[in-house]
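One structure is given here, and the rest of the page talks about it.
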Amino acid sequence: MSYRRSAVGIVIILMISAVFGAQAKDAKNAPPSEKIPTGAKVFVAPITDGFDTFLRDAIAKKKVPVEVVASRDQADYEITGAAESQKAGAAKKIIFGNWHSREEASITVSNIKSGEVVWAYSVHEEASTHGKRSSAEACAKHLKEAIASK
C-alpha cells in the first residue's frame, strides 16, 4: 500500500512539475511585460511540505531585494509553487552509497492585481545535500538574479 501511495505521489508531483515547468519555459521564452522592482512587497503563499518557510529563509539569506510580508493583502506580488522531497531509499543507499534526498520545486511570481506571471523557476536536485534548504536557496538565488538583471 505504501508503494502505491508513493507512486501516486510521484505521478502527481511530476504532473505539477510539468505544469509549472511549462509556465517557467513560457516565462523564460516570452519577455515579461513587467519586471519585479527592487523593494517590492512579496507574499509567499503556503507550499507543500513547509517549503514556503525554507523559501522565506532563503530569500533573507540570499539578500533578495524584496520585502516579504505576512499578508497577501499587503503585497504587490505573490509567490506560489509546489515542492517534493524524497528521502534516499535502501537501494540508493546500498547500491550507490548515496544518502542524499531528491528534491524538486517550482515557484511562480505573480502580480496580484493583474494576475500575470512575471517570473517562474523550477529546480530538480537528484542528490541534495541539504534537502529543501538547497532547493529554496536555488530559487532565491535565481529570483535575485532576475530582479538585478532588469
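The values are calculated or read from the model by the stated rules, or taken from the named source; none is laboratory data. Since we're looking at a predicted model, the values are computed, not measured. Note that we place each Cβ from the backbone using ideal geometry, even for glycine, and neighbour counts take in every protein chain shown. When the accessible area is computed, the model is the full protein with side chains, heavy atoms only, and any ligands, DNA or RNA have been set aside. Shrake-Rupley method; radii C 1.70, N 1.55, O 1.52, S 1.80 Å.
Structure values in brief
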{"item": "Within the range 47-71, considering residues that are surrounded by fewer than 13 Cβ atoms within 10 Å (Cβ to Cβ) and of a type outside the set (A, V, I, L, M, F, W, C), the one nearest to LYS35 (Cα to Cα)", "result": "LYS63"}
{"item": "The lone exception for ALA75 - which of (1) modelled with pLDDT of 55 or more; (2) open to solvent by 40 Å² or more (accessible area, probe 1.4 Å) it fails", "result": "(2)"}
{"item": "Number of positions in the range 130-146 that are open to solvent by 90 Å² or more (accessible area, probe 1.4 Å) and either modelled with pLDDT under 90 or small (Gly, Ala, Ser) (or both)", "result": "2"}
{"item": "Qualifying residues in the range 86-106 (those that are under 22 Å from the mean Cα position of the chain (by Cα) and modelled with pLDDT under 70) - the one most open to solvent (accessible area, probe 1.4 Å)", "result": "LYS87"}
{"item": "LEU14 at pLDDT below 85 and out of contact with any Lys or Arg (no Cβ under 7 Å at 6 or more places or on another chain)", "result": "yes"}
